[in-house]
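Novice: Below you will find the structure I want to go over with you.
The values are calculated or read from the model by the stated rules, or taken from the named source; none is laboratory data. Because the structure is predicted, anything quoted here is derived from the model rather than measured. Here the Cβ is made from the backbone with ideal geometry for all residues, glycine too, and neighbour counts use every protein chain on show. Accessible surface is based on the protein model in full, side chains and every heavy atom, while ligands, DNA and RNA are left aside. Shrake-Rupley method; radii C 1.70, N 1.55, O 1.52, S 1.80 Å.
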Amino acid sequence: MDNAGKEREAVQLMAEAEKRVKASHSFLRGLFGGNTRIEEACEMYTRAANMFKMAKNWSAAGNAFCQAAKLHMQLQSKHDSATSFVDAGNAYKKADPQEAINCLNAAIDIYTDMGRFTIAAKHHITIAEIYETELVDIEKAIAHYEQSADYYKGEESNSSANKCLLKVAAYAAQLEQYQKAIEIYEQVGANTMDNPLLKYSAKDYFFKAALCHFIVDELNAKLALEKYEEMFPAFTDSRECKLLKKLLEAHEEQNSEAYTEAVKEFDSISRLDQWLTTMLLRIKKSIQGDGEGDGDLK
Amino acid sequence: MPLVVVLLRACPEQTLWPWCGTVDPGQMSGDVCIYSWPCSYYLDLEKRWVPGKLSLLPCSLKFTTDRAGEVLVGLPLSSIVEIRKEASHFIFSAITVLEKGHLKHWFGSLRPSRNAVFNIIEHFWRELLLSPPGAAAEVTPSPTTRGQELTGLMASSQRRLEDTAKVLHHQGEQLDSVMKDLEKMDSDLDVADRLLTELESPSWWPFSSKLWKTPVEVKPRESTSMAGSEPFGKEGVVAKIPAIISQRTEFHVKPGRLTILVSGLEIHDSSSLLLHRFEREDLDDIKVHSPYEISIRQRFIGRPDVAYRVISAKMPEVIPLLEVQFNKKIELLQEASVLRSTGASSSTERSWSFWHAAPRLRGCTTQRELPAGGQEGGQLQLQRDQPLLSERETQELTQILTKLKGLALDTETELERQDEALGGITAAVDRATLTVDKHNRRMKRLT
């Protein structure tokens with residue numbers, strides 16, 4: 001394998017780059033030319049990082065990119081520094097998620113400083129995804145998605161902001177923070193229902209909001225449903241609305257068979273995704289809760 | 001799918017999926033074990049994988065280690081929030097199960113195949129919701145009717161189209177922001193152009209660069225507004241409004257007049273004395289602070305900027321004119337952005353080809369004339385007793401089709417708009433490239 005050779009070469013480059021940096025420190029006091037040395041060191045670090053990448057030594061690559069980023073910062077080239085931090089983050093992502101987040105955060109700080117909020121928002125999403133999949137810290141993922149949505153909104157790219165907000169809502173509902181989820185779904189639904197292209201998906205948002213209401217309280221769900229129908233008349237015709245009405249009826253009668261039948265019918269036409277399954281299960285549990293209790297679970 | 005489940009529940013001992021490992025007979029005594037797979041489980045605290053067996057019971061998932069036989073995981077299916085196919089360290093395929101309270105369980109190196117295990121677990125989880133409660137699972141699954149099938153097809157294509165619309169909208173937004181950035185770039189390039197002209201003239205030359213240099217070429221794009229200048233008299237006065245004028249500081253406000261000419265802007269004081277004349281090409285930016293207040297600025301190298309703040313009650317009438325004339329240089333600040341909203345409506349002409357096509361489609365379903373070809377004749381004979389499409393299903397189909405039609409039309413409009421925007425962007429990029437090239441050449445000559 002060639003990888004070992006690449007790695008050795010990369011280590012050598014790193015050592016040399018470090019030497020340059022040290023040399024520049026002693027020179028800087030007396031002479032000019034310190035900056036060119038740092039520039040050289042910068043380039044070496046980047047090259048070393050790329051070689052580490054080829055050798056699949058992710059954390060070493062991340063470290064090298066990080067060094068390069070710091071040197072770029074010394075040279076006052078913010079943009080290069082931020083790009084290097086992002087590269088470092090991407091390399092670390094495969095080995096050390098926490099470190100990757102630190103790097104991306106550093107990049108975000110630089111980007112927000114420069115006023116490049118769209119890019120900052122994009123990296124907030126990357127961080128949120130790391131929290132979501134690698135570290136399973138949903139609360140933090142939510143925070144980052146929210147931040148990103150804020151930035152996107154500030155830059156008037158509403159569809160990106162909505163995408164982030166919907167993620168927040170889905171997670172909030174999973175964490176049983178229904179109030180938050182409802183607010184977001186209602187807001188997004190209201191925003192999209194006037195848009196000629198997006199109004200067709202508005203029913204989804206109202207459906208989800210109503211489901212969240214339903215889990216909390218049946219009466220609320222009924223009121224909410226009425227409100228949505230008034231706000232957005234096309235909602236009445238949708239299959240989602242019909243399903244909701246059937247479910248509400250079944251719940252009122254505590255008839256879990258009717259409930260299941262309605263869900264099944266809906267599922268046979270368009271498959272329920274995991275989020276909906278979870279929520280519908282939670283509602284179903286509240287029906288069974290009265291009759292059989294937990295005995296059902298064995 | 002439900003058919004398979006019924007069979008499984010009826011005779012759990014049989015290996016219906018021979019590729020999926022065997023049923024552990026030891027588990028049979030207490031709970032009915034539906035399935036078990038050899039796999040390994042990730043211990044979060046100790047950071048290592050332990051080999052063992054993952055077993056699926058009718059209502060829960062269980063993991064037992066190989067060596068000690070202790071139960072490490074036992075979670076009821078109803079507390080599952082999410083099941084996902086993931087890869088640990090981007091290489092090893094695994095299944096993750098997210099439990100309520102956000103505990104994530106990793107199951108790796110699943111023996112028969114990850115997909116098979118995933119499908120089975122997910123199926124049972126969903127079945128918890130979809131199957132009737134209690135032990136009476138033996139329902140003969142009603143065969144899906146033609147209508148249901150059709151509705152399902154339609155519903156899924158509707159969902160696809162909805163997603164497409166979302167993506168398209170997002171793309172449109174992005175194109176808009178690209179256009180905005182390009183316009184900004186264009187106006188910056190104009191400034192660069194002027195500064196370069198100034199730099200090219202020798203520093204001892206006291207007069208305006210115009211006398212020295214060849215006149216700045218008029219861009220072809222502007223010729224349209226220039227062509228319309230005839231009706232405005234010899235000087236090309238477009239509008240003249242009384243205004244309050246202040247230079248730089250806000251303390252020295254005095255009454256005056258703002259004149260908009262085809263060739264630029266003129267500011268006069270109350271006694272009709274010309275205070276400053278902004279040539280059309282020299283003006284750097286106009287900021288609209290509020291519908292009644294604007295500031296006009298021109299930059300100079302080595303001298304302070306010339307900036308005027310103009311307030312006028314008639315300003316709302318003039319701003320649209322300014323917008324036409326200086327569209328790239330004008331900048332609406334927050335309070336003034338209400339003005340924008342008036343011009344936002346886009347072209348809504350639609351092509352009518354869809355309208356012609358749609359009724360035919362709808363006719364197909366309402367007349368219940370499904371394509372009954374020769375081959376299907378026998379099948380149709382069998383189903384003669386029950387109608388192919390019930391009234392309700394027809395209604396539903398009609399509804400979905402109507403929605404689909406609307407969506408398609410709106411998508412088309414949006415696509416046309418984006419097409420136009422793309423044309424504009426291409427032109428703007430070409431122009432910018434040309435200008436940058438020209439500037440580069442001039443800069444090289446300067447150094």
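Novice: For A:Ser77 paired with B:Asn327, estimate the spin-label separation in nm (one decimal), with each label point 7 Å from Cα along the Cα-to-Cβ line.
Specialist: Rounded to a tenth, the inter-label distance reads 3.8 nm.
Novice: Multiply the residue separation of A:Met54 and A:Ser286 by 0.36 nm, subtract the distance between their alpha-carbon atoms, and state the gained length in nm to one decimal. Intermediate results must be reported in sequence, preceding the final value.
Specialist: Working: separation 232, 0.36 × 232 = 83.52 nm, distance 5.44 nm.
Difference between extended and current length: 78.1 nm.
Novice: Using Stokes-Einstein with the Kirkwood hydrodynamic radius over Cα pairs, what translational diffusion coefficient do you get for the range B:237-332 at 4 °C and a viscosity of 1.567 mPa s, in µm²/s rounded to a whole number? All intermediate terms of the calculation are to be shown ahead of the outcome.
Specialist: Numbers: Rh = 13.2 Å.
The Stokes-Einstein estimate is 98 µm²/s.
Novice: Using only the alpha carbon atoms of the range A:88-201, find the Kirkwood hydrodynamic radius as the inverse mean reciprocal pair distance, in angstroms to one decimal. Show your work: numbers first, answer last.
Specialist: Working: mean 1/r = 0.0681 Å⁻¹.
The Cα-based Kirkwood calculation yields 14.7 Å.
Novice: I'd like to know which of B:Val73, B:Tyr42, B:Leu103 lies farthest towards the positive end of the charge dipole of the range B:35-130, counting +1 on Cβ of Lys and Arg and -1 on Cβ of Asp and Glu.
Specialist: Farthest along the dipole direction, towards plus: B:Tyr42.
Novice: Need one number: nm distance between label points at B:Ala68 and B:Ser93, each 7 Å from Cα along Cα→Cβ, rounded to one decimal.
Specialist: 3.1 nm
Novice: May I ask you to derive the FRET efficiency for A:Thr236 and B:Thr402 from their Cβ-Cβ distance with R0 = 22 Å, giving the value to the nearest 0.05? It would help to have the intermediate numbers written out before the result.
Specialist: Working: r = 14 Å, r/R0 = 0.63.
In this case the efficiency is close to 0.95.
Novice: Between B:Arg146 and B:Glu86, what is the FRET efficiency for a Förster distance of 35 Å, r being their Cβ-Cβ separation, to the nearest 0.05? Don't skip to the answer; put the middle values down first.
Specialist: Details: r = 39 Å, r/R0 = 1.12.
FRET efficiency, B:Arg146 to B:Glu86: 0.35.
Novice: Assuming 0.36 nm per residue, please report the length gained on full extension of the stretch B:Leu103 to B:Leu195 beyond their Cα-Cα distance. Display every interim value, and only then the final one.
Specialist: Numbers: separation 92, 0.36 × 92 = 33.12 nm, distance 6.25 nm.
Roughly 26.9 nm would be gained on extension.
Novice: Here's another thing I want to ask about it. Using only atoms on other chains, find how many Cβ atoms lie within 10 Å of each Cβ of peptide A:196-207 and report the average. Spell out each step's value before the answer.
Specialist: Working: counts 11, 14, 7, 5, 12, 7, 1, 2, 2, 0, 0, 0.
Taking all residues of A:196-207 together, the mean is 5.
Novice: Does anyone have the angle between helix A:178-192 and the longest principal axis of chain A? Alpha-carbon axes, 0 to 90°, nearest 10?
Specialist: In chain A, helix A:178-192 runs at an angle near 90 degrees to the longest axis.
Novice: What aspartates and glutamates could a cross-link reach from B:Lys53, if we take a straight Cα to Cα line under 17 Å and drop same-chain neighbours fewer than 8 places away?
Specialist: B:Lys53 reaches B:Asp24, B:Asp31, B:Asp66, B:Glu70.
Novice: Filter the cross-link list A:Lys203/A:Lys242; A:Lys222/A:Lys284; B:Lys166/B:Lys405; A:Lys245/B:Lys104; B:Lys287/B:Lys328; A:Lys245/A:Lys285 down to pairs whose alpha-carbon distance in this structure exceeds 23 Å. Intermediate values should be presented prior to the final figure.
Specialist: Details: A:Lys203/A:Lys242 12 Å; A:Lys222/A:Lys284 17 Å; B:Lys166/B:Lys405 16 Å; A:Lys245/B:Lys104 34 Å; B:Lys287/B:Lys328 11 Å; A:Lys245/A:Lys285 18 Å.
Distance filter (> 23 Å) returns A:Lys245/B:Lys104.
Novice: Could you work out the mean count of beta carbons from other protein chains within 10 Å of each residue's beta carbon in A:146-158?
Specialist: Numbers: counts 0, 0, 0, 0, 0, 0, 0, 0, 0, 1, 4, 5, 3.
Per-residue shielding by partner chains comes out at 1.
Novice: For the range A:147-219, what are Rg and Dmax over the alpha carbons, in angstrom?
Specialist: Using the Cα atoms of the range A:147-219, the pair Rg, Dmax is 12.3, 39 Å.
Novice: Using a 10 Å cut-off around each Cβ of peptide A:268-275, what is the average number of partner chain Cβ atoms that fall inside? If you can, show how the numbers build up before the last one.
Specialist: Working: counts 9, 12, 7, 5, 3, 0, 9, 2.
Across the residues of A:268-275, the mean count of other-chain Cβ atoms within 10 Å is 6.
Novice: Using the Cα atoms as the points, what is the convex hull volume per residue of the range A:176-292 in Å³?
Specialist: On the way: hull volume 11.6 nm³, N = 117.
Taking only Cα atoms, the range A:176-292 has a hull volume of 99 Å³ per residue.
Novice: Chain A: D in µm²/s via Stokes-Einstein (Kirkwood Rh, Cα pairs, 37 °C, 0.692 mPa s)? The partial results should precede the final answer.
Specialist: Working: Rh = 22.7 Å.
In µm²/s, the coefficient rounds to 145.
Novice: In debye, nearest 20: dipole of the range B:237-332 around its Cα centre with unit charges on the Cβ of K, R (+) and D, E (-)?
Specialist: Values: 14 positive and 13 negative charges, 30 e Å.
So the dipole magnitude of the range B:237-332 works out to roughly 140 debye.
Novice: Using the Cα centre as the reference, give the magnitude of the dipole from point charges on the C-beta atoms of the range B:35-130 (Lys, Arg: +1; Asp, Glu: -1; all else neutral), rounded to the nearest 20 debye.
Specialist: On the way: 12 positive and 9 negative charges, 33 e Å.
In debye, rounded to 20, the range B:35-130 gives about 160.
Novice: What dipole magnitude, in Debye to the nearest 20, does chain A give about its Cα centre under +1 on Lys/Arg Cβ and -1 on Asp/Glu Cβ? Don't jump to the answer; show the numbers that get you there.
Specialist: Values: 36 positive and 47 negative charges, 303 e Å.
Its charge dipole is roughly 1460 debye.
Novice: Given 0.36 nm per residue, what is the gain on full extension from B:Met179 to B:Leu273 after removing their alpha carbon distance, in nm?
Specialist: The B:Met179-B:Leu273 span can extend by a further 29.8 nm.
Novice: With unit charges on the beta carbons (Lys and Arg positive, Asp and Glu negative) and the dipole taken about the Cα centre of chain A, which residue among A:Ala172, A:Thr83, A:Ile108 sits farthest to the positive side?
Specialist: A:Thr83
Novice: Still on this structure: How far is it, in nm, from the label point at A:Lys140 to the one at A:Gln179 when both lie 7 Å from their Cα along the line to the Cβ?
Specialist: Calculated label separation equals 2.6 nm.
Novice: Turning to a different aspect of this structure: Along the charge dipole of the range B:237-332, Cβ charges K/R +1 and D/E -1, which of B:Leu332, B:Ile267, B:Met315 sits furthest on the positive end?
Specialist: The one lying farthest along the dipole's positive direction is B:Ile267.
Novice: Return the value, in Å² to the nearest 100, of accessible area buried between chains A and B (probe 1.4 Å, both sides summed).
Specialist: Numbers: alone 16230 and 28230 Å², together 39830 Å².
Using a 1.4 Å probe, the pair buries roughly 4600 Å².
Novice: Over the range B:237-332, what relative contact order in percent results from Cα pairs under 8 Å that are six or more residues apart?
Specialist: Details: 193 pairs, mean separation 23.5, N = 96.
24 percent.
Novice: Moving on. For the range B:35-130, taking Cα atoms only, what is the radius of gyration to one decimal and the Dmax to the nearest whole Å?
Specialist: In order Rg, Dmax, the Cα atoms of the range B:35-130 give 12.4, 38 Å.
Novice: Given contacts defined as C-alpha pairs under 8 Å and at least six residues apart, what's the relative contact order of chain A, whole-number percent? Present the calculation step by step, with values, prior to reporting the outcome.
Specialist: On the way: 356 pairs, mean separation 22.8, N = 298.
Relative contact order for chain A comes out at 8 percent.
Novice: First measure r as the distance between the Cβ atoms of A:Glu39 and B:Arg441, then evaluate 1/(1 + (r/R0)^6) with R0 = 30 Å and state the FRET efficiency to the nearest 0.05.
Specialist: Numbers: r = 28 Å, r/R0 = 0.93.
So the FRET efficiency works out to roughly 0.60.
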